[in-house]
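Below is one structure, written out as structure tokens; the observations come after it.
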Amino acid sequence: MDANQSSKSPSDWSDIDRSYRFPTLFLASKAVTWLLLGSIFSLIASIKMHSPTFLASCSWVTYGTMVPAALNAVVYGFALQAGFAALLWMTMRMGQVKLVAPGYLYIGATLWNIGVLVGIVGIMAGHSTGMAYLEMPGYALPMLFAAYTLIGGIALVTFHKRQVRDLYPSQWFIFAALFWFPWIFSAASCLLVGSPVRGVTQVVIDGWYASGLNVVVLGFIGIALLQYLIPKLAKRDLYNGYLSMFAFWVLLIFGSFAGILPGQTLPSWVGALSTVCSVFVAFAWIVLAYNIYRTIEGGGAKSDALGIKFLYLSLASGLAAALLTAWASRETIAEVVQFTLFLPGLKWLQLYGFVGAGLLAAIYLFLPKVSGTQWSSPGRWTATFWTYAVGVLLVAVAFLFGGWKHGKGLTNPDMPFMDIVRGGIAPFIRMSTVGELLVTIAALLLVWNVSCLFWRTYSGCLLNCCGLAGQGGDSGKSQSKKGSK
Amino acid sequence: MNQGPTLFLGVLCAMAVSWIGFVMLPQVQLGSQSTRVVKELGRHYPSPRGGLAERGKDVYRAAGCASCHTQQIRQTGFEFDMVLNDAGDFTNSVIALVQQANRSLSEQEATDLVAKAPITIREGVKKEMADHILKLFKDSGAKVAANIRPLGPDIERGWGPRQTVGLDYLYDQPLLLGNQRIGPDLANVGSRLTDREWHLLHLYHPHTVVAGSIMPAYPYLFETQEIDGEPSPDALPLEGEFAPAEGMEVVPKPEANSLVDYLLSLRIDNPVFEAPYLFTQAESSEDNNSETEQAQ
């Protein structure tokens, strides 16, 4: 069952795409800018680890502000924003429906970006809440929520108005992510920042929010992209819809409990429950990966080599992150890797590897279709892929191996802490700095790619408008969109 | 078939389950936790931090110190040290019992030990053995106690005497437990490193006190000012490459002082019911029976 098999004529498709042209360019261009900013923040943080006086005289740029600023820029600025763009587009394509209320989408998207900007400036100004994944200060959170109600509302109305009533597996994931995000975001904001609960309950709720955001919201956006794009590129239907449905329900029910390692100062049932759920999540991921593997295996020629490379990177990282999380949550392993670099390693695999690569594939494949303009330099995209992939893997491997060594040191009380720093932390952070530099370069290339496309699309429309090229109807529409922005 | 409604209901149920599991249940379990009297302290524990330390916590949160430092101590288990507090009147039978309790002792060694009471007669035994030894001495007239010794790399490293528990953080808002140990754990740093000046130097430039440290410097917490007549009593004793220019001195800003106040207020130095340790002043063997049960 593939909702992409359509009875629509090509002109209907371009109609749908055109309704989404400028909103998607708006979202995508902001998203890649945030990715660049986030990568620069992580690079600064990383350099601070081997040069204690680097940018030390400014309270805005400490290691402890750069790390959350980078995380929030990448999660809220890049991943969620590009994720909204991608899932709106998939909703429209699979439901064969035009975007409703693009004007409100601009308002929502603008508000979202202002919210993220205010939040990140707030973190740097020292107003961080100190809660992982929710560091943005209390005054930024309502802005983000209001922005989301607009964006998510438009997505749900568009979903509801779909012409094709049958649901394709990716649509379940999109639908669940759309509901899950406002739910956990508002609950966590109220209980951690608004009127905070006491003591270690904060840590459990924060862990719940982080898992919900990573496994369910961002994870579902990534999975929806994999299940939508890979069959399309392989020119095949998804191997088995039921396997996908199985994975969907397992991830939905157990996903938000996964990922809290046992051994912290929390009630011990929290870690135990989380361990069991992490294993379920890993199992669901194996099923998903098998389903996609069987889809590719029987497929014909891949229609886009670079797009499929991004998607393979995404799939492999997602599977590896889920398996490693399950492995690390075993009590004997958690004793070693808890509190070490292993955890940021998992975060890199999940956020940059799985979600990030999936979204870059979406940007690479969707934007030319939506904008009606080709990428100006395919070579630059190839360079983007390789720098990004090598950078992400280098950071992940450095942190995962370093984390293991770091943990082995911590569990050996006879080893002085400075020896752990010299042997298990410093060399691996140096290695990760190289990876972060590569990711920053990739983000820079990406911004360049998208800006070129952005400029060509706009200038194309302007030319059309002045009657220098044909297709007057098209240009008029685009121009009015631009005006409404 | 339109699966929209089924999907909606399913997602709603999953949300409810997720919320009950990790939001409601922890709150039901821990939400009503309150301070309680700790016998060894003779007062309610925990108590709120002082104003300066609370301000220092803000500096700690704003600078994001929790990105590299945890404030939680792990424990893998515990052992007992058997201590003879008082040999009582029947020395000969007690010597025989000490030998029974620790079979590696010769008679001479046992006699010496008993003469030196209070003294540890056997180290590192499991709960069953501790109970057995306490029973041996029950009617001997001697006072024997089982001291609880928490185990685990964090504790052996000297980062704290026991594991941290939920009670320790009742007044922490926001709670900055941290999950990275790029730097050492700070749960008990106020008892481990008590020197104020050390902390100030360490914050100004870690290399002044710890060679090869990868901690960034925080010079913005300090002011470099001209020496106006007499040098300031607060000026940091900086030497060599760290010394300021001639005629200048480095003094801590109020933020630095309150941050150090906060660091010094981080102490895990009393047992609590959930995490007992070492009761050296235990009175009688009966009392200590209840202690071993507590530790379970």
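Where a number appears in this text, it was derived from the coordinates with a stated rule and is not lab data. This is a predicted model, so every value here is computed, not measured. Reconstructed Cβ throughout: ideal geometry from the backbone, glycine too, with neighbour counts over all protein chains shown.
Here the spin labels are modelled as points 7 Å beyond Cα on the Cα-Cβ line, and at residue A:276 and residue A:242 they lie 2.7 nm apart. At 20 °C and 1.002 mPa s, what whole-number value in µm²/s does Stokes-Einstein give for the translational diffusion of segment B:145-234, with Rh from the Kirkwood sum over Cα pairs? In µm²/s, the coefficient rounds to 130. Segment residue B:273..residue B:92, full-extension length gain: 61.5 nm, with 0.36 nm per residue of separation and the alpha-carbon distance subtracted. Across segment B:1-101 the C-alpha pair distances fall into 10 Å bins from zero in the proportions 10, 13, 23, 18, 15, 13, 4, 3, 1 percent.
Here the extension length gained between residue B:76 and residue B:6 equals 20.6 nm, from 0.36 nm per residue of separation less the Cα-Cα distance. Residue by residue, segment A:375-389 carries 3J(HN,Hα) couplings of 4, 6, 9, x, x, 5, 5, 4, 5, 4, 4, 5, 5, 5, 4 Hz when phi is fed to the Karplus relation 6.51 cos²θ - 1.76 cosθ + 1.60 (θ = phi - 60°); x denotes Gly or Pro. When +1 charges are put on Lys and Arg Cβ atoms and -1 charges on Asp and Glu Cβ atoms, the dipole computed for segment A:14-166 relative to its Cα centre reaches about 380 debye. Applied to segment A:38-51, the Karplus parametrisation 6.51 cos²θ - 1.76 cosθ + 1.60 on θ = phi - 60° returns per-residue 3J(HN,Hα) values of x, 5, 5, 4, 5, 5, 4, 4, 5, 5, 4, 6, 10, 9 Hz, with x for Gly and Pro. For chain A, find the longest principal axis of its Cα atoms and tell me its angle to the long axis of helix A:357-371, 0 to 90°, nearest 10. That helix lies at roughly 20 degrees to the long axis. Ordering B:163, A:287, A:137 by Cα displacement along the dipole of the protein assembly as shown toward the positive end leaves A:287 in first place; charges were set at the Cβ atoms of Lys, Arg (+1) and Asp, Glu (-1). Computed 3J(HN,Hα) for segment A:400-405, one whole-Hz value per residue from the Karplus formula 6.51 cos²θ - 1.76 cosθ + 1.60 where θ = phi - 60°, is 5, 5, x, x, 5, 5, glycine and proline marked x.
Which FRET efficiency, nearest 0.05, do residue A:459 and residue A:383 yield, Cβ-Cβ r, R0 25 Å?
0.55
When +1 charges are put on Lys and Arg Cβ atoms and -1 charges on Asp and Glu Cβ atoms, the dipole computed for the protein assembly as shown relative to its Cα centre reaches about 4320 debye.
Per residue of the protein assembly as shown, what 222 nm ellipticity follows from adding -39500 (n - 2.57) for every DSSP H run with n ≥ 4, rounded to the nearest 500?
It comes out at -18500 deg cm²/dmol, rounded to the nearest 500.
Pick out, from A:149, A:47, A:59, the residue whose Cα sits farthest towards the positive end of the charge dipole of segment A:14-166, with +1 on the Cβ of Lys and Arg and -1 on the Cβ of Asp and Glu. Result: A:149, furthest along the dipole toward the positive end. For residue A:129, the residues whose modelled amide H falls within less than 5 Å of its own, excluding neighbours fewer than 5 places apart on the same chain, are A:136.
Approximating the spin labels as points 7 Å out from Cα along Cα→Cβ, the residue A:390-to-residue B:109 distance works out to 6.4 nm. Rg ratio for chain A: its Cα radius of gyration over 2.2 N^0.38 Å, N being its residue count, equals 0.96. Debye sum, Cα scatterers, segment A:14-166, no solvent: what log₁₀ I/I(0) at q = 0.13, 0.19, 0.20, 0.21 1/Å? Each listed q maps to, in turn, -0.62, -1.04, -1.11, -1.18. Available extension along the chain between residue A:121 and residue A:54 is 22.1 nm, counting 0.36 nm per residue and deducting the alpha carbon span. For chain B, the mean projected area of the C-alpha convex hull, equal to one quarter of the hull surface, is 26.0 nm².
When the convex hull of its Cα atoms is viewed from all sides, segment A:313-456 shows a mean projected area of 8.9 nm².
Taken residue by residue and averaged, Cβ atoms of other chains lying within 10 Å of the Cβ of A:406-419 number 4. Over segment B:168-279, the Kirkwood radius and the radius of gyration, each from Cα atoms, give a ratio Rg/Rh of 1.06. The calculated Kirkwood hydrodynamic radius for segment A:198-287 is 14.2 Å, given to one decimal from all distinct C-alpha pairs.
Over the Cα atoms of segment B:217-256, the radius of gyration divided by the Kirkwood radius equals 0.93; this is the Rg/Rh ratio.
Mind listing the long-range amide H neighbours of residue B:45? Cut-off is under 5 Å, sequence gap 5 or more, other chains count too, H placed in the peptide plane at 1.01 Å from N. Distant-sequence amide H within range of residue B:45: B:36, B:37, B:38. Each of A:242, B:171 was scored by other Cβ atoms within 10 Å of its Cβ. Arranged with the fewest first, they read A:242, B:171. Between the amide H of residue B:86 and those of B:143, distances stay under 5 Å, these residues lying 5 or more places away or on another chain, with hydrogens modeled in the peptide plane.
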